[in-house]
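Laboratory data are not the source of any read-out in this text; all were calculated from the coordinates shown. Computed from a prediction, not measured in an experiment: that's the story for all the values here. Glycine also receives a Cβ, built like all others from the backbone with ideal geometry; neighbour counts cover every protein chain displayed.
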Amino acid sequence: MPIRLTEGQLNAKGLAFAIVVGRFNSFITERLLSGALDALARHGCAEEDIEIVRVPGSWEMPVVVRELIQLEKHDAIICLGAVIRGDTPHFDYVAGEAAKGIGQAAAESGVPVAFGVLTCNTLEQAIDRAGGKSGNKGTDAAVTAIEMADLMRRMREGTS
């Protein structure tokens, strides 16, 4: 019997996405959003299939992700934010709880949630990851969401 392979393709046509983007460090998050929107468009997602939800910062993302999941309108959710280390442990709490809450929502619901929240030690690192020399992690998160949403669609339809 041949091995059966199921994998997602970079095909966003007919899929709906929510993008949760933090306003904190907006000079970084707006670059991430631009990268994500470009990736969705390049892979066939129609503008009317994209919903952008702005939140104050990364800390607020998990509760919004859970609400979006309950609405059952999106095939995947993309979280975009920037947490930059400062002189206090605040960074650790915000970054850790955002990651844990977002991951938990995805695991419990079965809805793919791409983690495009930068957790950087310096502003320079954040700039590099938001369209600088390290690419655009918003683009990467959108590509991940597309592949995972398509994979889940294929698995639920029983197609490879």
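Taking the average, over residues, of other Cβ atoms within 10 Å as the packing measure, peptides 70-82, 88-100, 126-138 rank 70-82, 126-138, 88-100 from highest down.
Note on N121 and R54: with the Förster distance fixed at 25 Å, the Cβ-Cβ geometry gives a FRET efficiency of about 0.45. Taking 21 Å as the straight-line reach from the Cα of K73, the lysines in range (excluding those fewer than 8 positions away in the same chain) are K13. Near the amide H of A114, within less than 5 Å, lie the amide hydrogens of I77, I78, C79, all on another chain or at least 5 residues away, with H placed in the peptide plane. Looking at the stretch 1-70, the trypsin sites (Lys or Arg not before Pro) that sit in a DSSP loop and have at most 15 other Cβ atoms within 10 Å of their own Cβ are R4, K13, R23.
Once the piece of chain linking S109 and D92 is laid out straight, how much longer is it, given 0.36 nm per residue of separation minus the C-alpha distance between them?
Values: separation 17, 0.36 × 17 = 6.12 nm, distance 2.56 nm.
The span from S109 to D92 would gain 3.6 nm if fully extended.
Shown here: the chain, whose C-alpha atoms stretch 58, 35, 31 Å along the first, second and third principal axes, sorted largest to smallest. For the stretch 74-160, the Cα-based Rg and Dmax, in that order, read 15.0, 51 Å. Placing a label point 7 Å from the Cα of L71 along the Cα-to-Cβ line, the residues of the stretch 1-28 whose backbone N sits under 20 Å from it are 13-24.
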